[in-house]
């Protein structure tokens, strides 16, 4: 110790003498390193510490919350009714357990909503949210090889608006402007690190009839032409022609979705599918005529909506008439061109005009999951299903109910955003 | 002998007493029947201003709410409505709607009146609206950009056998649309036209004020002249008389009526049509090529007339001419005088700011309708103390119209945070949207608003329409506009069983006993 002190003193004296003689002193390597790095290295180190602290704070905020259980004061059961409190255990993005419960336990990593209503995530089966371009190829009217998944952008801002409305899954469908428009895709509205958001890349094959399909620059140009082309397209598969998707349709490996806006086309078009034993769901919206019996006979489900407040009472009452005819009912939001909140509004308006509330709740969750072919993954709160659930402040059929929390794959989605103006594509 | 036949005289007296008694009792009964009270027993009452009375009864008489008590004994001959397990609320008020309106007015004149376009036979819409509990609707005049006309407030009271609707305020507001969906140039022209209309109204007022001063001056001068003439006539009683003022003019002479001459000055039409016709007839007298030879007497009278005419010219007091009546400007003046508000439909933030500028410039009472982008100028609205009436909270297709592109369902919440007074209506979307007023109001709570939706479309809406002392609340002394729900209002399975306006049953749901 004394030696060291003596050494340091001698070094200082030498340094002072050298300075006086304007001779650069020979410094030790460590001294050089220390001197050269001393002023700004400290600054760097300080900045590094600060940045680290900030990053850690930011990271802490961005780390998605994955509760081990979600508890709510009430929940929507399989039949659409609202029952008492439930605790949903979540593990690796799946529902591990569903147990009745009362109150909120004092446990960490448990999200509890004592006044909330837990429901399966809402599903919009007629959506073009997240598509980066037009979902239609207009050069030919029969194009079964088009896939909606090709234009999907999972980072699209549309999905934020859907999450805020409690919509956790959408079926991306091509536009209904061709006789055969291609395959839909079923995707979740958020990408989590747990599961692949694409539930089904090769979804129902979509068909369309009616005036939106007619065109002057290519076939078909008329109603009879459209129906003729439809039959030819369906027969192409059964005749062994190399239309793989049509073949799959005929073989029962692929399902069909038919867009039919005019009632006069419904029975003819559905019969074309029925004659070939092809199960088909129909998107037939806003009609005043009661075609429930025909739909019950030929169609596996009917998609209606979105409703708006300026619609005729007869139109709003068709949901109840279809349901009473025994047709499985599905509500559509047609996001993002229509407001994501329109899905719930459609259900609520239908209830105002006679639809059973339980049926209305199922028409946003369970039935659309079945129609989209993903009912084993989503659409209900059961063990083994994906933990895609939404907590509302009240019955989701009440216009005053707001979304308290959204979980996709058991991950809580951030829905508290400052900017609530619509994305400019119609979402509000 | 029986007491009533003891004597003829007694019999007559007794008969008269009997008749009097029958008449009195009959009058009392008739009065009771005509002003028959209605008692709503044991219902849950939502007063409309946030108050909740779990179990009480409401007594209604002569169209007004008389009592609200826990227990009320049914008055004689009253009708009792059992409301056990039901909820009673005030009738809902649509502060901005278009119910029962035929083709919207397109004349773009302030004199267009919403009541004139009201279809009182649109029973389907009325029934649908009453079925949802809406009893009062503010009818906007509709039409394109610019001055749309005057609005009216209608209650859906059945009138004759098939008609319905009764205006409780015929001229409720002067309506202006700033055309938020139009091009920039059109919107600039619209606001300029509105400003011009206000300026014209102010000029009209000044012209009227000048006219009144001129009239006073004229009367004063007439008085002075009369006094002067009286003095002169006292001094010189034999002097030639001046022509009486209202004598016809001598032949060949033209009577110069104020503003009407043969020389071709523009004819001013006065209020007195007869004077105007006279003026016209004088001005269109045919011009002769050769003068008619005058007789001696005529010559003298002509000379006298000429002299008198000259004198007359010097002494003539010009009668002031009233400015022609301008009904449009009169309506604008009513708005300037705050007799009714100016309702401005504006959706874009720029148009809302123009509305605020109009308010400041002419010191108007302004209510902004629509206000899609109000959240962007919420602070300015609060500073100017402007009330806002919002339309649909959730628009199914906002991209369909340019003015709705920045629609936000949290508009009401942002306005609440900024301290702006607001309410909701059904808006101009369709003529049947009034029936979803409750639906629309409930949607505000889904996007952050804490205020109960019922208060928004009852008490708050009544205050905005300046009818807060008449309807919108369940309070003693107010008009008995009541709705009886079979459950909690707003619940998916809750429906309206009965609706009353001024104590009169206007809607009864199927299957419900009257």
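Read-outs throughout are calculated quantities, based only on the coordinates presented, and are distinct from any laboratory measurement. Keep in mind the model is a prediction, meaning the values are calculated, not measured. Cβ coordinates were reconstructed from backbone atoms using ideal geometry, including for glycine residues, and neighbour counts include every protein chain displayed.
Figure the gain on full extension for residue A:83 and residue A:14 (residue separation times 0.36 nm, minus the Cα-Cα span) and round it to one decimal in nm. Mind dumping the intermediate values first?
Values: separation 69, 0.36 × 69 = 24.84 nm, distance 8.84 nm.
Full extension from residue A:83 to residue A:14 adds 16.0 nm.
For residue A:375 and residue A:140 in one chain, what is 0.36 nm times their gap in residues minus the Cα-Cα distance, to one decimal in nm?
Values: separation 235, 0.36 × 235 = 84.60 nm, distance 3.30 nm.
Full extension from residue A:375 to residue A:140 adds 81.3 nm.
Averaged across the residues of A:391-397, what count of C-beta atoms belonging to other chains lies within 10 Å of each residue's C-beta? Please list the in-between numbers first.
On the way: counts 0, 1, 2, 5, 3, 1, 3.
If you average over the peptide's residues, the count of other-chain Cβ atoms is 2.
I need the fraction of alpha carbon pairs in the range A:295-369 separated by more than 14 Å, rounded to a whole percent.
Details: 1515 of 2775 pairs.
Looking at the range A:295-369, the distances longer than 14 Å represent 55 percent of pairs.
Quick check for you: which residues of the range A:257-283 have the amide N under 17 Å from the point 7 Å beyond the Cα of residue A:235 toward its beta carbon?
Zone members listed by number: A:268-278.
Could you tell me the convex hull volume per residue, in Å³, taken over the Cα atoms of the range B:346-456? Working shown, then result.
Details: hull volume 10.7 nm³, N = 111.
Spelled out: Cα convex hull of the range B:346-456, divided by residues, is 96 Å³.
To two decimal places, what compactness ratio does the range A:159-273 give when its Cα radius of gyration is scaled by 2.2 N^0.38 Å?
Working: Rg = 16.4 Å, N = 115, 2.2 N^0.38 = 13.4 Å.
In units of the globular-protein estimate, the range A:159-273 measures up at 1.23.
Using just the alpha carbons, could you tell me how many Å³ per residue the convex hull of the range B:365-407 encloses? Write out the running numbers ahead of the final one.
Working: hull volume 2.8 nm³, N = 43.
Roughly 65 Å³ of hull volume per residue.
Mind giving me the FRET efficiency for residue B:211 and residue B:111? R0 is 25 Å, r the Cβ-Cβ distance, nearest 0.05 is fine. Intermediate values should be presented prior to the final figure.
Working: r = 22 Å, r/R0 = 0.87.
Between residue B:211 and residue B:111 the formula returns 0.70.
Nearest-5 percent of antiparallel DSSP beta bridges in the range A:116-235? Each step should come with its number before you reach the end.
Numbers: 10 of 16 bridges.
Taking every DSSP beta bridge within the range A:116-235, about 60 percent pair in antiparallel fashion.
May I have the pair-distance distribution P(r) for the range A:269-398, computed from all Cα-Cα distances with 5 Å bins from 0 and rounded to whole percent?
Per 5 Å bin, starting at zero, the Cα-Cα P(r) for the range A:269-398 comes out as 2, 11, 19, 23, 20, 14, 7, 3, 1, 0 percent.
For the range B:443-514, what class follows from the C-alpha gyration tensor (a ≥ b ≥ c being the square roots of its eigenvalues): rounded when a/c is under 1.5, otherwise prolate if a/b is larger than b/c, else oblate? Before the final figure, lay out each step's value.
Details: a/c = 2.93, a/b = 1.13, b/c = 2.59.
Oblate is the answer for the range B:443-514, as a/c is 1.5 or above yet b/c matches or exceeds a/b.
Give the shape of the range B:109-236 as rounded, prolate or oblate, defined through the alpha-carbon gyration tensor: a ≥ b ≥ c are the square roots of its eigenvalues, a/c under 1.5 means rounded, and otherwise the shape is prolate if a/b is larger than b/c and oblate if not.
Numbers: a/c = 5.69, a/b = 1.97, b/c = 2.89.
Cα axes put the range B:109-236 in the oblate bin.
Just checking the output field for A:347-354: average partner chain Cβ neighbours within 10 Å of each residue's Cβ?
On the way: counts 1, 5, 2, 1, 3, 9, 0, 0.
For peptide A:347-354, the averaged partner shielding equals 3.
Write down the Å³ per residue value for the convex hull defined by the alpha carbon atoms of the range B:391-514.
Numbers: hull volume 17.2 nm³, N = 124.
Output value, Cα hull per residue: 139 Å³.
Assuming R0 = 45 Å, can you tell me the calculated FRET efficiency for the pair residue A:382 and residue A:150, based on Cβ-Cβ distance, to the nearest 0.05? Kindly include the intermediate steps, with their values, before the conclusion.
Numbers: r = 32 Å, r/R0 = 0.72.
Computed FRET efficiency for residue A:382 and residue A:150 comes out at 0.90.
Can you give me the P(r) profile for the range B:311-386? Cα pairs, bins 5 angstrom wide beginning at 0, each as a whole percent.
3, 14, 20, 16, 11, 8, 5, 4, 5, 4, 4, 3, 2, 1, 0
Just tell me how shielded B:491-500 is by partners: mean number of partner chain Cβ atoms within 10 Å of each residue's Cβ, no decimals. Could you put the intermediate results ahead of the total?
Details: counts 6, 15, 6, 0, 1, 0, 0, 0, 0, 0.
Mean shielding count: 3.
Suppose the Debye formula is applied to equal point scatterers at every Cα of the range A:210-282; what is log10 I(q)/I(0) at q = 0.12, 0.20 Å⁻¹?
-0.32, -0.86
Given R₀ = 25 Å, what would the calculated FRET efficiency be for residue A:63 paired with residue A:107, taking r from the Cβ atoms and rounding to 0.05? Mind dumping the intermediate values first?
On the way: r = 19 Å, r/R0 = 0.77.
With a Förster radius of 25 Å, E is 0.85.
Rounded, prolate or oblate: pick one for the range A:81-152, where a ≥ b ≥ c are the square roots of the eigenvalues of its C-alpha gyration tensor, a/c under 1.5 means rounded, and failing that, prolate if a/b is larger than b/c, else oblate.
Values: a/c = 3.86, a/b = 3.17, b/c = 1.22.
It comes out prolate by the Cα gyration axes.
Two decimals is fine: what is log10 I(q)/I(0) at q = 0.12, 0.20, 0.23 Å⁻¹ for the range A:325-417, from a Debye sum with one equal scatterer on every Cα and no solvent?
-0.40, -1.14, -1.42
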